[in-house]
Amino acid sequence: RKPVLLAAVAILVGAAGCGGGGFSDEGSAGAGTGEVRMLVNITPNLTKGYWEGLVKPFEDANPGVDVKIEAPTGSGVKDTLPQLLAAGNAPDVVETLMADKVLAPQMLDLTDQTWTKDTPLVQQAA
């Protein structure tokens, strides 16, 4: 459970720091304000409350940035992400997901970033 937690935090911080245009109209990536959408699997153990608690330290450290936790509309992140990408409504952050050949070209590989070198699952996610 701890590796998933650390990986999600690392991905969240990195994606928010990169600011690939996913912030709402309330702000811009450079201004450090706005909304970050995070697509995660909601389970009996990994509840929405769990994920909100996970991102709270990030939100506290970045006033003006709101992380919106989104549950999958399909049976899970793996089914929902392609639908969101096809609709042009991709989230900013996705819970650890091993991208296949279809999804990989649409994902941002952060393994060349120095902060990712010691994060859990970095090699598997590459």
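The values are calculated or read from the model by the stated rules, or taken from the named source; none is laboratory data. Everything numeric in this text was worked out from a predicted model, so none of it was measured. Glycine also receives a Cβ, built like all others from the backbone with ideal geometry; neighbour counts cover every protein chain displayed. In case anyone asks, the SASA skips ligands and DNA or RNA and just uses the protein heavy atoms, side chains included. Shrake-Rupley method; radii C 1.70, N 1.55, O 1.52, S 1.80 Å.
From the list L54, L110, L97, which one is open to solvent by less than 60 Å² (accessible area, probe 1.4 Å), modelled with pLDDT of 75 or more, of a type outside the set (D, E, K, R) and assigned to a loop (DSSP other than H, G, I, E, B)? Reasoning before the result, please.
Working: L54 fails: assigned to a loop (DSSP other than H, G, I, E, B); L97 fails: modelled with pLDDT of 75 or more.
Among L54, L110, L97, only L110 is open to solvent by less than 60 Å² (accessible area, probe 1.4 Å), modelled with pLDDT of 75 or more, of a type outside the set (D, E, K, R) and assigned to a loop (DSSP other than H, G, I, E, B).
If you take the residues in region 19-40 that are part of a helix (DSSP H, G or I) and open to solvent by 50 Å² or more (accessible area, probe 1.4 Å), which one is modelled with the highest pLDDT? Outline the logic, then answer.
Step one: list which residues in region 19-40 are part of a helix (DSSP H, G or I), which gives 29-31.
From the residues that got through so far, the ones that are open to solvent by 50 Å² or more (accessible area, probe 1.4 Å) too are 30-31.
Values: G30: 47, A31: 55.
Ranking the candidates gives A31 first.
Assuming G76 fulfils every condition listed in (1) more than 19 Å from L108 (Cα to Cα); (2) open to solvent by 60 Å² or more (accessible area, probe 1.4 Å); (3) at pLDDT below 90 apart from one, which condition is it?
Exception for G76: condition (2).
Hey, among the residues in region 113-126 that are under 22 Å from W51 (Cα atoms) and open to solvent by less than 90 Å² (accessible area, probe 1.4 Å), which one's modelled with the highest pLDDT?
Going through the qualifying residues, I end up with T116.
Name the residues in region 55-67 that are under 16 Å from D92 (Cα atoms) and either out of contact with any Ser or Thr (no Cβ under 9 Å at 6 or more places or on another chain) or in contact (Cβ under 8 Å) with a residue 60 or more places away in the chain (or both), would you?
V55, F58, E59, V67
On the given criteria, is A61 over 23 Å from T119 (Cβ atoms) and surrounded by fewer than 19 Cβ atoms within 10 Å (Cβ to Cβ)? Show your work before the answer.
Details: over 23 Å from T119 (Cβ atoms): no; surrounded by fewer than 19 Cβ atoms within 10 Å (Cβ to Cβ): yes.
The answer is no for A61.
Take the residues in region 58-91 that are in contact with an Asp or Glu (Cβ under 7 Å, 6 or more places away or on another chain) and part of a loop (DSSP other than H, G, I, E, B); name whichever of them is farthest from T33 (Cα to Cα). Before the answer, list the steps.
We begin by selecting, within region 58-91, every residue in contact with an Asp or Glu (Cβ under 7 Å, 6 or more places away or on another chain); these are 59, 65-69, 72, 77, 91.
The next check asks that each one be part of a loop (DSSP other than H, G, I, E, B); those that pass are 72, 91.
On the way: P72: 25, P91: 16 Å.
Here the answer is P72.
Please enumerate the residues belonging to region 41-51 that are of a type outside the set (A, V, I, L, M, F, W, C) and either in contact with a helix residue (DSSP H, G or I) (Cβ under 7 Å, 6 or more places away or on another chain) or open to solvent by 80 Å² or more (accessible area, probe 1.4 Å) (or both). Walk me through it before giving the result.
First, pick out the residues of region 41-51 that are of a type outside the set (A, V, I, L, M, F, W, C): 41, 43-45, 47-50.
Answer for region 41-51, where residues must be of a type outside the set (A, V, I, L, M, F, W, C) and either in contact with a helix residue (DSSP H, G or I) (Cβ under 7 Å, 6 or more places away or on another chain) or open to solvent by 80 Å² or more (accessible area, probe 1.4 Å) (or both): N41, P44, N45, K48.
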